[in-house]
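Colleague: Handing you this structure, nothing more for now.
The values are calculated or read from the model by the stated rules, or taken from the named source; none is laboratory data. Computed from a predicted structure; not experimentally measured. Here Cβ is always computed from backbone atoms with ideal geometry, including for glycine, and neighbour counts include all displayed protein chains.
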Amino acid sequence: MFKAPWLFTVLCCAIVSASCNNGAQTAPRDKDGDTSVVSIKEEAVTYALDTVTLKGYITYDQNSEAVRPAVLVLPEWWGLNDYTRSRARQLASLGYIAMAVDMYGQGKIAADPTEAQALATPFYMNPQLTRFYVDAALSKLKTYKQADTSNLAAIGYCFGGYVALNAAKLGAPLQGVVSFHGSLGGVAPAKDLLKARVLVCHGGADNFVPDAEVNAFKKSMDSVGADYTVKIYPNATHAFTNPDATRTAEKFKMPIQYNPAADSASWNDMKAFFQATFKR
């Protein structure tokens, strides 16, 4: 059962200051040594969950006609900001189609930790909500002809890692899930529901997701024979993947810090994980 929501929500990462471009961009394809230039298309999309209007972003290489694996990118507790979109663009440059997911409706972005806590807490108190929002995003993503609907995955940062893991444990139709410095609490895994392979990228110096929580997660996953890996990056605090984490730590007095070595290593681990997970 989730305890003390603020302990998990106060972990999450900073809004990156770079601006977003909704048009096409060029970027090198960083996949299997291919250095050809791709044209990254980013599209704002609107979709719905019951009466909630959601506003996401979908990115892909518009120069390729190939059907490709599709990946959701689940945001930090701040909401769908440019950090989330930047990760979706990176996935597009790897040859995937990616969707940055709106978890709060109307594309809302929190201005400060207090507002972010208020927005994220319902998901921690009721993990079942994670499946509804992931399913709504998957339904939108699967309408794109570029999306290989047999190869679906999700990655998430901080709050988004918690969302991805819990949606998978609740039976979301995902082949793979990657959590970057996310909370490991929520629902217990069930053998008949959890079908995804799981990669957890965790900072060895993360004060907000302690060893006891990591060990409890491992024990629960082992109990159902889950296919999972936990990677621990030495000296990495919470939010280690976010380049703006150190500045956010100073602004909001949060014990987080960017760790470029752990960021690079975890991204490479994700790439290897997806290459092994997706059916070709």
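Colleague: Report yes if some residue within region 21-32 is at pLDDT below 50, closer than 28 Å to Thr277 by Cβ, part of a strand (DSSP E or B) and basic (Lys, Arg); otherwise report no.
Modeller: Yes, some residue in region 21-32 is at pLDDT below 50, closer than 28 Å to Thr277 by Cβ, part of a strand (DSSP E or B) and basic (Lys, Arg).
Colleague: A follow-up question, please. What's the total number of residues in region 237-264 that are without any contact (Cβ under 8 Å) to a residue 24 or more places away in the chain, part of a loop (DSSP other than H, G, I, E, B) and under 19 Å from Arg87 (Cα atoms)?
Modeller: Total satisfying the criteria: 2.
Colleague: All but one of (1) farther than 29 Å from Glu115 by Cα; (2) part of a helix (DSSP H, G or I); (3) aliphatic (A, V, I, L, M) hold for Ile232, so report the exception by its number.
Modeller: Ile232 satisfies all of (1) farther than 29 Å from Glu115 by Cα; (2) part of a helix (DSSP H, G or I); (3) aliphatic (A, V, I, L, M) except (2).
Colleague: Then there is this: Tally time: how many residues in region 120-132 are part of a helix (DSSP H, G or I), over 14 Å from the mean Cα position of the chain (by Cα) and surrounded by 20 or more Cβ atoms within 10 Å (Cβ to Cβ)?
Modeller: So the count comes out to 3.
Colleague: Could you tell me which of the residues Val209, Val178 is of a type outside the set (Asp, Glu) and part of a strand (DSSP E or B)?
Modeller: Val178
Colleague: Only one of Leu72, Leu138, Leu152, Leu54 is buried (at least 24 other Cβ atoms within 10 Å of the Cβ) and either part of a helix (DSSP H, G or I) or touching a strand residue (DSSP E or B) at 6+ places or on another chain (Cβ under 9 Å) (or both); which?
Modeller: Leu72
Colleague: Would you point out the residue of region 205-223, among those that are exposed (fewer than 15 other Cβ atoms within 10 Å of the Cβ) and in contact with a Pro (Cβ under 9 Å, 6 or more places away or on another chain), that is farthest from Gly176 (Cα to Cα)?
Modeller: For region 205-223, the residue satisfying everything is Asn207.
Colleague: Right, here's the next one. Name the residues in region 100-123 that are without any contact (Cβ under 8 Å) to a residue 12 or more places away in the chain and of a type outside the set (Ser, Thr, Tyr), would you?
Modeller: Selection gives Ala111, Glu115, Ala118, Pro122.
Colleague: Hey, any hits in region 86-101 for a residue that's crowded, with 24+ Cβ neighbours inside 10 Å, hydroxyl-bearing (Ser, Thr, Tyr) and either in contact with a Phe, Trp or Tyr (Cβ under 8 Å, 6 or more places away or on another chain) or within 24 Å of Lys251 (Cβ to Cβ) (or both)?
Modeller: yes
Colleague: Give the number of residues within region 84-116 that are assigned to a helix (DSSP H, G or I) and at pLDDT 95 or above.
Modeller: 11
Colleague: Residues of region 232-250 being surrounded by fewer than 22 Cβ atoms within 10 Å (Cβ to Cβ) and of a type in the set (A, V, I, L, M, F, W, C), which ones?
Modeller: Ile232, Ala249
Colleague: Check whether at least one residue in region 183-198 is outside any loop (DSSP other than H, G, I, E, B) and either in contact with an Asp or Glu (Cβ under 8 Å, 6 or more places away or on another chain) or without any contact (Cβ under 8 Å) to a residue 40 or more places away in the chain (or both), and report yes or no.
Modeller: Scanning region 183-198 turns up at least one residue that is outside any loop (DSSP other than H, G, I, E, B) and either in contact with an Asp or Glu (Cβ under 8 Å, 6 or more places away or on another chain) or without any contact (Cβ under 8 Å) to a residue 40 or more places away in the chain (or both).
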